[in-house]
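Quick notes on the structure that follows.
Quick note: the coordinates plus some simple rules give every number you see, no bench work behind them. Computed from a predicted structure; not experimentally measured. FYI the Cβ positions are ideal-geometry reconstructions off the backbone, even for glycines, and counts take in every protein chain you see.
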Amino acid sequence: MGTLRDEMSRVLNEWDKQDQQPETTSQPSQEKTMEKRVTTTQKIIDIIAANPGITSKKLYKLVEDKHHDIPIGNVSSILTQLTNRYLLSREDSGELAQGKVIFAYTAVPEDEAKAKREEAERKLKAAQARMEKARQVKAAKQAAREQLDKMLETAPLLEPRTGLSDLLPQTTATIPTVFPAPTTAIHNTKPVWTAKEALEGLNILQARELYDELKKIFGG
């Protein structure tokens, strides 16, 4: 029979073996699963790259006939993931299946897909920034409105404003509608005519001519 120290050492060694066993057996399985997933996705990309513009309907048929290692149930989700990552482009093929649009797919080069992902990310961040700014502006307006309402509730009542007409004395006198006649007479300012004044303004020839005309009228 061993000592207590020997027994403790044996137990600890057994525990170490148990802790190490799951780690050594699960790692290859995880790597194998990841390899299978990547291989399936790459096979879908390779099929579409070899058949640009292939429809999903034809792709399903091709997988069923020639690629039995690809689970047919995973094809739809793989197409969606690759399209969202811009590794595939799709467009309406003009065909319908049970009322749904059938898309045609084309493979996109990795560098082009990367550029599209970065552009989409920039647009998303810009949209998020605009939404955040709009939210802050709305919140600031709401806070200002609430502050104004609070000030109005606590402010004392103001007296009515006094206008200029209120400062002038009120009178009941009325303006007459008929004006009285003037008290002073208006005299005629036309000058009085005399023959002497008229003759003084004539020369000899004009006076002689006037004399002849008067003689014709009155005779003599």
Legend entry - Relative exposure of 77, 93, judged by other C-beta atoms within 10 Å (fewest first): 77, 93
Legend entry - Estimated distance in nm for a label pair at residue 115 and residue 69, the labels positioned 7 Å out from Cα along Cα-to-Cβ: 3.4 nm
Legend entry - Distance (nanometres) between label positions extended 7 Å along Cα→Cβ at residue 130 and residue 196: 10.8 nm
Inset, instruction - Could I have the simple spin-label model distance between residue 46 and residue 146, label points 7 Å from Cα toward Cβ, reported in nm to one decimal? - result: 6.2 nm
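Starting from the Cα gyration tensor of the stretch 46-120, multiply each eigenvalue by 5, take the square root, and state the resulting semi-axes largest first in whole Å. Provide the component values of the computation, followed by the final result.
Numbers: eigenvalues 92, 47, 24 Å².
Sorted largest first and rounded, they come to 21, 15, 11 Å.
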